[in-house]
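The values are calculated or read from the model by the stated rules, or taken from the named source; none is laboratory data. Owing to the predicted nature of the structure, the values given are computational and were not obtained by experimental measurement. Methodologically, a virtual Cβ is constructed for each residue, glycine included, from the backbone with ideal geometry; neighbour enumeration extends over all protein chains shown.
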Amino acid sequence: MYIAFKLNNFIMIFVDTDIFIPIYLNLADFNVLIIGGGKVGTKRAISFAEHGAKVTVISLSFSDELLKNQDKINLLNENANELSEELLSRFDIIVTATNDKVLNSKLCSKAKQLRKLCNNPTNPEESNFIVPIYYTDNKLSIAVTTFGKSSLSSKYVLELIRENILSNNAIYNLIEAMGDVKDLLKDEIKDPSKRFTYYSKIFNDEIFRNYVNEGKIEQAINRAKVIINE
Ligand SMILES: C[C@@]1(CC(=O)O)C2=NC(=C\c3[nH]c(c(CCC(=O)O)c3CC(=O)O)Cc3[nH]c(c(CC(=O)O)c3CCC(=O)O)/C=C3\N/C(=C\2)[C@@H](CCC(=O)O)[C@]3(C)CC(=O)O)/[C@H]1CCC(=O)O
Ligand SMILES: NC(=O)c1ccc[n+]([C@@H]2O[C@H](COP(=O)([O-])OP(=O)(O)OC[C@H]3O[C@@H](n4cnc5c(N)ncnc54)[C@H](O)[C@@H]3O)[C@@H](O)[C@H]2O)c1
């Protein structure tokens, strides 16, 4: 998953970025184990729980935020050095977030042997999934990662996309209008291969796009109907 070599006395690590496939997961009711209840473990635990997963945190100590959320997150006060394979097997996803890098590596490696999804925030190149920085609204989602090189840079890239691209309402109008076009085409043309030719034709039509840019969705859909009936 990564290549390491020594250059000027630094160990250079290159994550093989091609090996990661971006996927959006619905983890409702999945069992997630977070090992380490400090700053990183707390962020991950809260985020997984907010997205519907059943979260357990095993740690020697817990942040105040975790202690306040015991109704939503199961806390187990245990030493992770003594975790059995049987316990790890009960979870679908494992995050190793203690401040003991050796322990995190050992646990993540065991988890991967058990074919679990494992995230090691202290050593991204050992993870078989990465938690990217992301933005989601009810129409689209954008996730950015620099594969652990710099979260601040990832955050900056995301801010630039939001400020320079998503701030233009025309993008949202376009998504809305093309969603309506899809409903319309599914209704009117039953043969998918015929239907598919219309998507790009309508998407690239100048008149359709002008209406979309002006926020005139109804006129845009009428224009789509004209194209379908041509
Ligand atoms: C998105 C977010 C999600 C979350 O953590 O829940 C996240 N990091 C966040 C913040 C953050 N992380 C760090 C800083 C300090 C400034 C800086 O260094 O930039 C800040 C800034 C802050 O805290 O504001 C330091 C840092 N990051 C990693 C290491 C380990 C290492 O390098 O060894 C170190 C310690 C380096 C050291 O010890 O020196 C690695 C990872 N961090 C990732 C995700 C994954 C890759 C995503 C990517 O490529 O961006 C990956 C690979 C872990 C993974 O696999 O999931 C969250 C957004 C918070 C928000 O929303 O604002
Ligand atoms: N990926 C990221 O975004 C990111 C960001 C900052 C830091 N980090 C790295 O993540 C690691 C954790 O950082 P943190 O700020 O959450 O640390 P922290 O000190 O706040 O928390 C560590 C937690 O691990 C627990 N722990 C330690 N040994 C344990 C054991 N044997 N069994 C059970 N629990 C144990 C501690 O009780 C504590 O709750 C650090 O190595 C840090 O460099 C990653």
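Hey, which of the strands (runs of 3 or more DSSP E) in the range 64-127, taking only ones fully inside, have at least 3 residues that are within 14 Å of ligand 2 (Cβ to nearest atom)?
Numbers: elements: 73-77, 93-96, 117-119.
Filter on the range 64-127 gives 73-77, 93-96.
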**Prompt:** Does at least one position in the range 17-38 carry a residue that is within 12 Å of ligand 2 (Cβ to nearest atom) and loosely packed, with under 12 Cβ neighbours inside 10 Å?
**Reply:** no
**Message:** Return the residues of the range 212-221 that are closer than 19 Å to Ser200 by Cβ and not aliphatic (A, V, I, L, M); say none if nothing qualifies.
**Reply:** Asn213
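Given the criterion more than 10 Å from ligand 1 (Cβ to nearest atom), at pLDDT 95 or above and not polar (S, T, N, Q), identify the matching residue among Lys116, Lys155.
Among Lys116, Lys155, only Lys116 is more than 10 Å from ligand 1 (Cβ to nearest atom), at pLDDT 95 or above and not polar (S, T, N, Q).
Residues checked against (1) more than 16 Å from ligand 2 (Cβ to nearest atom); (2) surrounded by 14 or more Cβ atoms within 10 Å (Cβ to Cβ); (3) outside any loop (DSSP other than H, G, I, E, B); (4) of a type in the set (A, V, I, L, M, F, W, C):
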| site | (1), (2), (3), (4) |
| --- | --- |
| Lys139 | yes, no, no, no |
| Thr146 | no, yes, no, no |
| Lys155 | no, no, yes, no |
| Val181 | yes, yes, yes, yes |
| Lys186 | yes, no, yes, no |
**Asked** Which residues, counting only those in the range 17-72, are at pLDDT below 95, closer than 23 Å to Asn104 by Cα and not aliphatic (A, V, I, L, M)?
**Response** Thr17, Phe20
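For the range 12-47, name all the residues that are aromatic (Phe, Trp, Tyr) and under 23 Å from Tyr135 (Cα atoms).
Narrowing the range 12-47 to residues aromatic (Phe, Trp, Tyr): 14, 20, 24, 30.
Correct list: Phe20, Tyr24, Phe30.
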**Request:** Within the range 18-51, count every residue that is of a type in the set (Gly, Ala, Ser) and in a strand (DSSP E or B).
**Result:** 2
**Request:** Taking the options Lys68, Lys72, name whichever one is over 13 Å from Ile34 (Cα atoms), more than 16 Å from ligand 1 (Cβ to nearest atom) and under 22 Å from the mean Cα position of the chain (by Cα).
**Result:** Lys72
